[in-house]
6 protein chains.
Amino acid sequence: MVYLTRSEHFNAAHKLFNPNWTYEKNEEVFGKCANENWHGHNYELLVTVKGQPSPDTGFVFDVKKLSTIIKEHVIEKIDHRNLNLDVDFMKDKMCSTENLAIGIWQQLTPHLPEGVQLHCIKLYETPRIYVEYFGE
Amino acid sequence: MVYLTRSEHFNAAHKLFNPNWTYEKNEEVFGKCANENWHGHNYELLVTVKGQPSPDTGFVFDVKKLSTIIKEHVIEKIDHRNLNLDVDFMKDKMCSTENLAIGIWQQLTPHLPEGVQLHCIKLYETPRIYVEYFGE
Amino acid sequence: MVYLTRSEHFNAAHKLFNPNWTYEKNEEVFGKCANENWHGHNYELLVTVKGQPSPDTGFVFDVKKLSTIIKEHVIEKIDHRNLNLDVDFMKDKMCSTENLAIGIWQQLTPHLPEGVQLHCIKLYETPRIYVEYFGE
Amino acid sequence: MVYLTRSEHFNAAHKLFNPNWTYEKNEEVFGKCANENWHGHNYELLVTVKGQPSPDTGFVFDVKKLSTIIKEHVIEKIDHRNLNLDVDFMKDKMCSTENLAIGIWQQLTPHLPEGVQLHCIKLYETPRIYVEYFGE
Amino acid sequence: MVYLTRSEHFNAAHKLFNPNWTYEKNEEVFGKCANENWHGHNYELLVTVKGQPSPDTGFVFDVKKLSTIIKEHVIEKIDHRNLNLDVDFMKDKMCSTENLAIGIWQQLTPHLPEGVQLHCIKLYETPRIYVEYFGE
Amino acid sequence: MVYLTRSEHFNAAHKLFNPNWTYEKNEEVFGKCANENWHGHNYELLVTVKGQPSPDTGFVFDVKKLSTIIKEHVIEKIDHRNLNLDVDFMKDKMCSTENLAIGIWQQLTPHLPEGVQLHCIKLYETPRIYVEYFGE
């Protein structure tokens, strides 16, 4: 079993705001991240798949195809977007990095071919903060 | 003469949109950057000052004081903000990285002590795009 | 289960020196790291916790609180210090990166709230050397 | 149990080419990577070992010895080489990053002392593509 | 005057070999870089242009257009290629990073629009070696 | 004229302490950096030379020779050392990064061959603080 990782970049606006709470409670819990006028990030996304290298190619999976799948099913939907307003798979969810990673997992997992399993979504919100999700 | 650089980080939402143009013209020129719902970035800001090292301290300038000046006069005003809506010194300007770097220069230069000159504002919009401004 | 990582920086002096050994034996085993006048490093510390994202916030744990806990219980004690002389939790231990990572784990684990588990301490001594400790 | 990682660099030429296929099929599957005149990379290799820190040294393993073993048994054989033509342990294999990582594992594992286990070979082909192999 | 930099990546095979010298002399001067079977690198290319920000866009130059020009006139010709064999503008030149940077300058400078000047080609051969060329 | 840069790493202990001042004044000015038990850093040193590429080699200067000169005249003297106690060329100077960069310039400049000029010493004390010295 070999693990193959491809990283992709996107940037987006978002805010952290719980609509069931008052504005004051949101400010207290989320601080500057609750700014009603939004803020944003350069996200770095690392997608790891695992499988057996093919005897014909030496590949677990063609990394160019992996990149195409990530771009088509994730980057196209979230790059240069507002995560709270523009992204169907984040609708009615808190726009935390944790939930975004889970959402990205759910976007990608149906599109991988047989023999290739999604192993990890690692998502940097800033160079010093990241989350990882392994599908369970 | 020695040059001293301190880097600081902030993140913000913005869009590129010229109000004198139609929506279509903005889309044509700025593409995804014109998204009316905003997008955002983790900016990395490098501020370079120059001067003679002091015989008493060996410092061109105390880097902690430099950091404090940058935080007080720049980071406080733009971190976790919307550059188009929330930042006084970007009002009525196109929110390009170029103009943001010039604006940051103008914010900082009055607050440096005698004997220390601002040399360069270097501003990364993404890890692969940056601008530099030397005050002229 | 989602894993959340926050990185923090500190710098410190140390030496590698076993007091049960002769000076020559220390030099032979530790080389330049045994320099009796000390040397030092910029350490990069990555703290990973795991848990279920809260439905109210989308957070496994508020990353600002995580940062505060790391600063209060670790960074305050070791930043700009001599690891052999100034740090209570390294007393009478060899000051290797391995032992420092274990010591940091022990400092942090009592201060995490219920529902949030410490998963990993990853500690870079240089950009090309790091250790990881998972608590067992 | 503590995990210790050392990173080393090398650069090499290679091509992806399956000799059982026509030139056209190779081009179709591997694209520019099949260029018969070769291309190349700066590879970054991270070798992780695990073990108990020694009470005498605080080390899982002396990282200088680990570096020496990696240089002697891997870097010497592949740095500034053509992976397809010059490297004995890649003979008759597809020169993918996956197979190179497996080959490096097999080179290193016999040379580690008792009490120190090889845990992971992580190999970057480019800053945005890497593979990991855990020996099984 | 503002300076705008865009970075692009490519990888290539090459060797350092002076055809006027014996094989032995080449080995003596270039060491492992003279390997007749080639070696290779991931190159990182930073292209800096300078100009006045446009009042309409805030841009010195549209960074997407800059990227397109770099890709069309440089990356297409050298990515996944053999610099000695496949690249017209390196024909009959020593394939050093210095000469490659000068060659890239000459490729790009005719394609920039009026009001935008090429300022610097910065080219990393490895993360620890780079050259800069300013056109004179 | 082409500029060639080589980066090298070292780590060292130091403190900032002016012997003409009281302990209290040192603490007030230098804060944690005045800790009498020392602290330390991983320094990253970038040495830039300039010259004309040789028609025979394509090199401004053989980067391996540049590395050897830096190691022999700088790294050997300061790596794994105490900058205040162990380094002859820092004797009786404040151990600031500014003064260390000037000292390194003075160490290197006599050892470069004709036709190759030292252009810049760039020295990172931490990933977010660096100084540059151009010899004047």
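Considering only protein heavy atoms and a probe of 1.4 Å, how much of the accessible area of the protein assembly as shown is carbon and sulfur, as a whole percent?
On the way: 16020 of 34040 Å².
Roughly 47 percent of what the probe reaches on the protein assembly as shown is carbon or sulfur.
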Compactness of the stretch E:2-133 - radius of gyration and Dmax, Cα, Å: 16.6, 60
Rounded to the nearest 500, the 222 nm mean residue ellipticity computed for chain F from DSSP H runs (n ≥ 4, each -39500 (n - 2.57)) alone is -6000 deg cm²/dmol
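Note down, for the stretch B:59-136, the three equivalent ellipsoid semi-axes (square root of 5 times each alpha carbon gyration tensor eigenvalue), biggest first, whole angstrom. If you can, show how the numbers build up before the last one.
Values: eigenvalues 94, 42, 30 Å².
Its equivalent ellipsoid spans semi-axes of 22, 14, 12 Å.
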Once phi for every residue in the stretch F:42-48 is put through the Karplus expression 6.51 cos²θ - 1.76 cosθ + 1.60 (θ = phi - 60°), the whole-Hz ³J(HN,Hα) values, with Gly and Pro written as x, are 8, 8, 10, 10, 10, 10, 10
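Taking the mean number of other Cβ atoms within 10 Å as a proxy for protection, how do you rank D:82-90, F:36-44 from highest to lowest? Write out the running numbers ahead of the final one.
Details: D:82-90: 19.2, F:36-44: 22.9.
Packing order, densest peptide first, comes out as F:36-44, D:82-90.
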What is the interface area between chains A and B, defined as buried accessible area summed over both chains with a 1.4 Å probe, reported in Å² to the nearest 100? 1700 Å²
Separation between Cα centres of the stretch D:42-60 and the stretch A:12-40, rounded to whole Å: 43 Å
When every alpha-carbon pair in the protein assembly as shown is counted, what percent end up more than 54 Å apart? 8 percent
Can you find, among A:L45, A:A12, A:F89, the residue sitting farthest towards the positive end of the charge dipole of chain A, where Lys and Arg contribute +1 and Asp and Glu -1 at Cβ? A:L45
Separation of the D:E136 and A:E72 label points, Cα + 7 Å toward Cβ, nm: 3.5 nm
Per-residue average of Cβ from other chains inside 10 Å of E:98-108: 2
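Would you mind working out the accessible area per residue for the protein assembly as shown, using a 1.4 Å probe, and quoting it in Å²? Please list the in-between numbers first.
Numbers: 34040 Å² over 816 residues.
Per-residue value: 42 Å².
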When all Cα-Cα pair distances of the stretch D:4-64 are considered, the percent exceeding 17 Å is 60 percent
Share of antiparallel DSSP beta bridges in the stretch A:1-122, in percent to the nearest 5? 90 percent
Under unit Cβ charges (Lys, Arg +1; Asp, Glu -1), what dipole magnitude, rounded to 20 debye, does the protein assembly as shown have relative to its Cα centre? 0 debye
Average partner coverage of E:2-12, which counts Cβ from other chains inside 10 Å: 6
Length-normalised contact order for chain A - Cα pairs under 8 Å, 6+ apart - percent: 30 percent
Let me make sure I get this right: for the stretch D:91-136, a, b and c are the square roots of the gyration tensor eigenvalues over alpha carbons, sorted descending. Under 1.5 in a/c it's rounded, otherwise prolate if a/b > b/c, else oblate. Which is it? oblate
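The values are calculated or read from the model by the stated rules, or taken from the named source; none is laboratory data. Please read all numbers here as calculations on a predicted model, not as lab measurements. Using ideal geometry, Cβ is built from the backbone for each residue, glycine included, and neighbour counts are taken over all protein chains shown. When the accessible area is computed, the model is the full protein with side chains, heavy atoms only, and any ligands, DNA or RNA have been set aside. Shrake-Rupley method; radii C 1.70, N 1.55, O 1.52, S 1.80 Å.
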